[in-house]
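Only one structure is covered here, and it is reproduced in the block below.
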Amino acid sequence: MMRRDLHGKLDGDGIKMGQAVETGVSFIAPLVIGKVMTPSVAPQSLRSLGVLENTKISTAQIALERQMAAQNIKEARNLLRNAGVPREEVNKVVRSFDLKTFRVERVSSGRTEFRVFDDFSARLEGRYVSPDLFPSQTETITRLALPSNSATRFGTVFIPEGSVVFTGRVAPQIRFSPALTGGSRQTFLTGKLTDFKFEEIYVNNKFGNK
Amino acid sequence: MSTINSVTNKEIASLITKIESLIAELKNSDVSNDSIEFYLLNNLVKYRQSLVAANSKQDVENAASIFGRFCTESMDWETKDYQKYIQLSEKGYAITRGFANKATHSI
């Protein structure tokens, strides 16, 4: 098959990256799949094509994200401890998030999120809320990793400007159940619960049941 | 897995007694549906049931964790009630720290 190389020349006897992979640079392959290279372009020349620089940037980005998450976690721990939350509870709140996604946010403009609760264990006025709503009860419980919440009722919560909240992805809670895989977006409200406006919402036929 | 021994059994029994007294206290008050007391009562009953059925350190830890999560997410932290009830969860965690570790004893 005739293809054009990186300089726009038609590929005659060029090699594909698959051959370069065999020479031991397989980590580069996903970044350049589909490009055809002339035999003169050795794997080490990929730096000049900008491929290795991209790899370096992504590594630096990961390191930066980790550093940022660590700073946010430290700030959150101090905030909770100063508010009188015991150490075990502080750890539990932090670990309810996928740590690398954890952020402390000062809400710049008010927004509305959702709270799921039930008739027995979980109250409407609660700190774990989410911008996401799910089509089924099962998905709600698994994606939000709710260990003790039947998620039979829904509410909205208005988070006013200036509130301090924790945001991130829900961490799996498999010690309670392997089904609690998490992964959804989650917000944890700090401060007084009366600072937030909770309101139950009624969704007809929400789980496809009449 | 760490199992419950006679020492931790006594500690769990003591915690259950304390929970039962708080359940009785709440039941004597006027608890309306959807109030914080209503959910607190349900969670206390559930915590008690979980401790009664607990067979391992993990069971006690999970029970303490679920009750603690309710307190931390549904109460204001500076209130006396929060400090009073969160102690029950803390006590549960303290019991799990005292569990005999079989591997350590066999050395």
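The values are calculated or read from the model by the stated rules, or taken from the named source; none is laboratory data. Computed from a predicted model, the values in this text were never measured in an experiment. Positions of Cβ are backbone-derived with ideal geometry, glycine not excepted, and every protein chain shown enters the neighbour counts.
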Worksheet item: If you check A:F97 against the conditions, is it in contact with a Gly (Cβ under 8 Å, 6 or more places away or on another chain), within 12 Å of another protein chain (Cβ to nearest Cβ) and buried (at least 16 other Cβ atoms within 10 Å of the Cβ)?
Response: no
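Hey, any hits in the stretch B:31-49 for a residue that's in a helix (DSSP H, G or I), over 28 Å from A:R81 (Cβ atoms) and touching a residue at least 24 places away in the same chain (Cβ under 8 Å)?
Yes: the stretch B:31-49 contains one or more residues that are in a helix (DSSP H, G or I), over 28 Å from A:R81 (Cβ atoms) and touching a residue at least 24 places away in the same chain (Cβ under 8 Å).
Here is a list: B:A54, B:A13. Which entry is hydrophobic (A, V, I, L, M, F, W, C), out of contact with any His (no Cβ under 6 Å at 6 or more places or on another chain), away from chain A (no Cβ under 11 Å) and surrounded by fewer than 18 Cβ atoms within 10 Å (Cβ to Cβ)?
Numbers: B:A54 fails: surrounded by fewer than 18 Cβ atoms within 10 Å (Cβ to Cβ).
Residue meeting the stated conditions: B:A13.
More than 30 Å from A:V157 (Cβ to Cβ), surrounded by 19 or more Cβ atoms within 10 Å (Cβ to Cβ), within 11 Å of chain A (Cβ to nearest Cβ) and touching a helix residue (DSSP H, G or I) at 6+ places or on another chain (Cβ under 9 Å): which single residue out of B:T72, B:T96 fits that description?
Numbers: B:T72 fails: more than 30 Å from A:V157 (Cβ to Cβ).
Only one candidate passes the filter, namely B:T96.
From the list A:E65, A:E89, A:E113, which one is modelled with pLDDT of 85 or more, surrounded by fewer than 16 Cβ atoms within 10 Å (Cβ to Cβ) and either assigned by TED's automatic domain parsing to the domain that holds A:F158 or of a type in the set (S, T, N, Q) (or both)? If you could, list the steps in order and put the result at the bottom.
Working: A:E89 fails: surrounded by fewer than 16 Cβ atoms within 10 Å (Cβ to Cβ); A:E113 fails: surrounded by fewer than 16 Cβ atoms within 10 Å (Cβ to Cβ).
Just one listed residue meets the conditions, A:E65.
If you check B:Q49 against the conditions, is it within 14 Å of chain A (Cβ to nearest Cβ), within 13 Å of the chain's Cα centre (by Cα) and at pLDDT 95 or above? Write out each step before concluding.
Working: within 14 Å of chain A (Cβ to nearest Cβ): yes; within 13 Å of the chain's Cα centre (by Cα): yes; at pLDDT 95 or above: yes.
Yes.
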Pairing a residue in the stretch B:62-84 that is farther than 17 Å from A:N91 by Cβ with any residue that is of a type in the set (K, R), where Cβ atoms lie under 8 Å and the two sit 6 or more apart in sequence or on different chains, gives B:S74/A:R123; B:S74/A:R127; B:D76/A:K192
Taking the stretch A:84-142 and keeping only residues that are of a type in the set (V, I, T), part of a strand (DSSP E or B) and touching a residue at least 40 places away in the same chain (Cβ under 8 Å), one is left with A:V104, A:T112, A:V129
